[in-house]
Amino acid sequence: MVLDLTAVTYEQLIESLPDNPNKWYFRRLASLCVNSHSFRNKLKCWLLELGRKHSNDGKTLLEEATQWIVELIQGEIDPWKVNPTPPEISSMPIIRTRELPRPTDTISMDIPVFREGVKHKRPEDQTGFRNVVLKRGRVLELLGESIVLAVVGPPGSGKSTLTASMAKALQGLLYTNEYEYEVEVVNMDLATPTVEAVIDGVGQDRTALRVQKTAWTLDLALEAARRLSKKRRPGCLIIADMPGKITDITEVLLTQVDAGLIITVDWEKNMNPWRMLLKELSIPILVEASSRKPDEGFESMISTFKENGIAAGRTVSMDRTNQSNDLFVNWASKFLLFSLLPTLVERRQAVWNPRK
């Protein structure tokens, strides 16, 4: 039986494997094939070359292909940690459609520094700047990876606007730099389909949105979960607009999520419950945002960035229209693309799953 690793889901692939003491290793190798563009590309090139070499000798072809896997198992080499190179792959061409960007390219950003103890940061509270340098080439670590970023927070905080705006900003960065990575929005709040209206430019038609609102049911929750599962694929970041209340349904929908972004109007009241929920589900938080209205006199900004950690700040005018040019949205997108998401991938790949 021949399996096309790009056409089946990870679960289907594992299910097809026969029971074997080394099934744990095939699970690791299969997941790498499904999620890593570079490894899958190398493996395809190697198998094609073997096929040309032994075009009339299927037995030898199978023996040579199997021998490399046996050597990896005997050496207890974790493919997620090493990203192993098949034998003689160095003499075979790696298929690329373009020249990859140089890892030495950088982006310099100045984050404002404020006086300690200031609750609502304003320009007059600023004492200076802290320079942050992002390595543009780190985006290469995302190529071939499947990631789901959930946007969560209470109702009316601007989740749908931020979801649509972040997706547009990230798509712009990827398109400008010609990176082979996709960004897609998935509406998980099927009871209140606001994000699709924002994307279509009719988000402020509140009458039409009220008509579309419906009550949550188990069937609706399952439909949302199926929608996300169907959309998820290698080489794509999915930004999922989640329901605005902490319920059993929200917890179920979060089970497919890799990382979280929290946005709230009332930081002191609502941030901790969402932090606790994501922590309980072992979902790392990459971005936190305070949402304010333009008539409150605040400016959009990034006030915190921790390398390999989190970005936080304030966004203004999440009014159900495209805000991809908002400073917070623009900067948070760069932090995600060139630092936070690559770090997430590194940590995910570094996890060693012991034999079961």
Taking helices (runs of 4 or more DSSP H) that fall entirely within region 264-356, which contain at least 3 residues that are under 30 Å from Ile77 (Cβ atoms) and touching a residue at least 60 places away in the same chain (Cβ under 8 Å)?
341-350
Of the residues in region 99-156, those that are β-branched (Val, Ile, Thr), at pLDDT below 85 and more than 28 Å from Asp319 (Cβ to Cβ) number 1
Count of region 271-297 residues which are over 28 Å from Pro342 (Cα atoms) and surrounded by 19 or more Cβ atoms within 10 Å (Cβ to Cβ)
1
Name the residue, out of Ala224, Ala197, Ala150, that is crowded, with 22+ Cβ neighbours inside 10 Å and in contact (Cβ under 8 Å) with a residue 60 or more places away in the chain.
Ala150
Given (1) hydrophobic (A, V, I, L, M, F, W, C); (2) surrounded by fewer than 17 Cβ atoms within 10 Å (Cβ to Cβ); (3) modelled with pLDDT of 85 or more, Val351 misses just (3)
Report, by residue number, each residue of region 302-321 that is over 19 Å from Gly153 (Cα atoms) and surrounded by 16 or more Cβ atoms within 10 Å (Cβ to Cβ).
Ser303, Phe305
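The values are calculated or read from the model by the stated rules, or taken from the named source; none is laboratory data. What you see is a predicted model; the values in this text were computed from it and never measured. Note: ideal-geometry Cβ built from the backbone for every residue, glycine included; neighbour counts use all protein chains shown.
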